[in-house]
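Only one structure is covered here, and it is reproduced in the block below.
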Amino acid sequence: MPLDLRIRVLMALIRVFDLIIVCACFLASMAFSAGSLTWPSLAEVLVIRIKVGNIVLFVGYLALCSAILAACALYRSHRLSQAKQRLYEIFLAVNCITGVLLLLKPVFFLAFATTEFFCWFWILTFGSLLFSHEIALYVLHLARLYGRNLRNVIIVGEGPEATALANRVSQEVSLGYRVLRTIDARGTPEDG
């Protein structure tokens, strides 16, 4: 499988996983706020009336959640990002997702959306997304330490500074960069 296709498939799976997290947090928040922590029996599940409008609304909400998560930069490369930046991106995304639900409450008369529901939803969604993304970054970091998930770079610079940068990048394996070549802007290329 070509690398570009593998990356696209992996990114699609990550987006689907994040939406599964949002769905699970949504359902858990409904259960916690209703005070019903027991699983319903099969007969109780079969008796539930599900309206097509509710399904369309929920699927639309999930599509909006997917767009919000992408707009908040959760799917960009975090190879060199700081923990504070990643925390802010997830914080912003969860606030937007919860805010949209708050705006939909009076429009669609969402009876389940109580203050307790919103508190549970925000806490569970923030914690779950933060935990899953940090675990994924740690796994990618380990992969780079073992020579996987590397990016090829060419360093263009002048004189010994370019060579020093190439040496520093090559020695820091956890960054995941493989220096292919160093090009001296004043002279001839040097092998890295």
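Only the coordinates and a few stated rules stand behind these numbers; no lab work does. Quantities reported herein were computed from a predicted structural model and do not represent experimental measurements. Here the Cβ is made from the backbone with ideal geometry for all residues, glycine too, and neighbour counts use every protein chain on show.
Pick from GLY127, GLY147, GLY159: which residue has the top mean-square fluctuation in a GNM of the chain where Cα pairs under 10 Å get a spring? Its mean-square fluctuation being the largest, the pick is GLY159.
The per residue volume of the convex hull around the alpha-carbon atoms of the stretch 151-191 is 49 Å³.
Averaging the Cα positions of each part gives two centres, and for the stretch 83-103 and the stretch 146-172 these lie 35 Å apart.
VAL59 sits among other residues whose Cβ lies under 15 Å from its own Cβ, and their net charge, with Lys and Arg +1 and Asp and Glu -1, is +2. Summing charges over all other residues whose Cβ lies under 10 Å from the Cβ of GLY159, with Lys and Arg as +1 and Asp and Glu as -1, gives -2. Summing +1 for each Lys or Arg and -1 for each Asp or Glu among the other residues whose beta-carbon sits under 13 angstrom from that of ILE68 gives -1.
Less than 17 Å from a label point 7 Å out along the Cα-to-Cβ axis of ASN54: which backbone N atoms in the stretch 79-105 qualify, by residue? Residues 105 fall inside that zone.
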